[in-house]
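All remarks here apply to the structure that follows.
The numbers here are math on the coordinates, done by the rules we state, and not lab data. The model shown is predicted, which means the values in this text are computed figures rather than measured ones. Cβ: placed from backbone, ideal geometry, glycine included. Neighbour counts: every protein chain shown.
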Amino acid sequence: MRTPLGDVVPDPTGRAAGRGAYICRSGDCLDRAIAKGALSRALKTPLPDDLRAALAGSLTNTNTTIEGGVRGQE
């Protein structure tokens, strides 16, 4: 997300004030979004050179699918 001050930071909650962009939680998605310019267009700001490294800690490469119903018992 881009904060009102213009900084580009991760927002895993999706609730922080500013302009956000949704991407999946894998490094491949982030790399493609940066390479194609989609993330820069969505945030309406040039991206800092070290963005990939700064956002890497907020990404996971695990499957986040929830199975088994609401309580995991169904």
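Numbers for the structure displayed
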item	result
Residue list for region 39-59, restricted to those being surrounded by 14 or more Cβ atoms within 10 Å (Cβ to Cβ) and either charged (D, E, K, R) or free of Cβ contacts under 8 Å to residues at least 12 places away in the same chain (or both)	Ser40, Arg52
Filtered residues of region 7-25 (kept if over 9 Å from the mean Cα position of the chain (by Cα), free of Cβ contacts under 8 Å to residues at least 40 places away in the same chain and surrounded by 11 or more Cβ atoms within 10 Å (Cβ to Cβ))	Asp7, Ala16, Gly18, Arg19
